[in-house]
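Reviewing the structure listed below.
The values are calculated or read from the model by the stated rules, or taken from the named source; none is laboratory data. This structure is a prediction, so every number in the text was calculated from the model and none was measured. Cβ atoms come from the backbone with ideal geometry, glycine included; neighbour counts cover every protein chain shown.
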Amino acid sequence: MESQEQLARQLESLEDLRAIVKTMKALSAASVRQYEQAVKALTGYYRTVERGLHVVLKKTGSLPVGIHHSHSREPLRLGSIVFGSDHGLCGRFNEDIIAYTLERMKSTPADPENHVLLAVGARVAAGLEHEGQMVEDIFLVPGTALQITRTVQQILLKIDEWQVQSGVHYVYLFYNRHSGSKTYRPTGFELLPVNLHRFHRLEEEVWPSRSLPTFSMDHDQLFTRLLRQYLFVTLFRACAESQASEHTSRLSAMQSAQRNLDDRLEEVTLAFRRARQGVITAELLDLAAGYEAITGSKGRMG
């Protein structure tokens, strides 16, 4: 049986852990809101870029110069971008996206044995390497929504390098998509080549203003800039969604940890009270025994 001093130390440690867990819960809740707002703020701009691409393609009826699908019979090289976390205590967040990524990579039209990997997050990179994958580059997860822009710019530069120097044709994006207050789901899609036919489908939508859209600058130059913005917004949204999912998973893990700590605190507190009561009872019995010994000896002397 543990002593009163040991139980007191356990109570102190459990209270410290509970304070840490409550702090992490508060930080995760605030972070989830931050990244949800970042995703929401992108919606209008994303729609503007989509409509711009639709207008450019509609005016010409053909793909701009240099935008085409390869007809090579040889297996094309794949580049994968995987968003994860730098830190733990977020449940199966990294494990889920790793399992999904490995499964989806097998079903891509590219050669699954000839690919390059970019990981955003040290934890997800370590997990991919544990599964036998070679990660070419590791980027740190941005600490705030304001830092996402810099990370996305670095990824775009890396994609350019892949296409020019490494012969990468397909680029796939994998991340955990935020799908509610307590859940996420692994998501992956083909970032490049861009499926331009999806912009043609916007023809079915009613144009939001009375003025029909047009443009006067060079067609290829406008298309290239709009496409670059489309890639930027897509990557930015994926990063923000991943961050929101990470903090949602961590919030859920901390809520579970707090419940377990509360249960353990209750058990140790009861054990501590029993031990303290035992000490008090023993001291009272010692006093009573001492009193009886003293009074008994006086009686015999009298």
Across (1) surrounded by 20 or more Cβ atoms within 10 Å (Cβ to Cβ); (2) touching a Lys or Arg at 6+ places or on another chain (Cβ under 6 Å), Ala125 clears everything bar (2)
Only unsatisfied item for Leu222, checking (1) of a type outside the set (Lys, Arg); (2) over 14 Å from Arg51 (Cα atoms); (3) modelled with pLDDT of 85 or more, is (2)
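Any idea which of Gly167, Gly143, Gly132 is under 16 Å from the mean Cα position of the chain (by Cα) and not aliphatic (A, V, I, L, M)?
Exactly one residue qualifies, and that residue is Gly143.
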When restricted to Leu270, Leu261, the only residue modelled with pLDDT of 80 or more, surrounded by 10 or more Cβ atoms within 10 Å (Cβ to Cβ) and touching a helix residue (DSSP H, G or I) at 6+ places or on another chain (Cβ under 9 Å) is Leu261
The condition from (1) in contact with a helix residue (DSSP H, G or I) (Cβ under 8 Å, 6 or more places away or on another chain); (2) over 28 Å from Gln34 (Cα atoms); (3) surrounded by fewer than 17 Cβ atoms within 10 Å (Cβ to Cβ) that Leu140 misses is numbered (2)
Open item on the list: When you scan segment 103-110, do you find a residue that is charged (D, E, K, R), modelled with pLDDT under 95 and part of a loop (DSSP other than H, G, I, E, B), even just one?
Closed with: no
Inside segment 32-44, the number of residues satisfying the requirement of being at pLDDT below 90 and of a type in the set (Ser, Thr, Tyr) is 1
task: Answer yes if at least one residue in segment 184-193 is exposed (fewer than 13 other Cβ atoms within 10 Å of the Cβ), in a loop (DSSP other than H, G, I, E, B) and either of a type in the set (A, V, I, L, M, F, W, C) or in contact (Cβ under 8 Å) with a residue 12 or more places away in the chain (or both), and no otherwise.
output: no
Expected output for segment 272-286 (first residue under 14 Å from Ala8 (Cα atoms), partner in a helix (DSSP H, G or I) and modelled with pLDDT of 75 or more, Cβ below 7 Å, 6+ apart or cross-chain) is Phe272/Gln4; Phe272/Leu7; Phe272/Ala8; Phe272/Leu11; Ala275/Gln4; Ala275/Leu7; Arg276/Gln4; Val279/Gln4
Scanning segment 61-86 for residues that are surrounded by 12 or more Cβ atoms within 10 Å (Cβ to Cβ) and more than 18 Å from Leu231 (Cβ to Cβ), the one modelled with the lowest pLDDT turns out to be Pro75
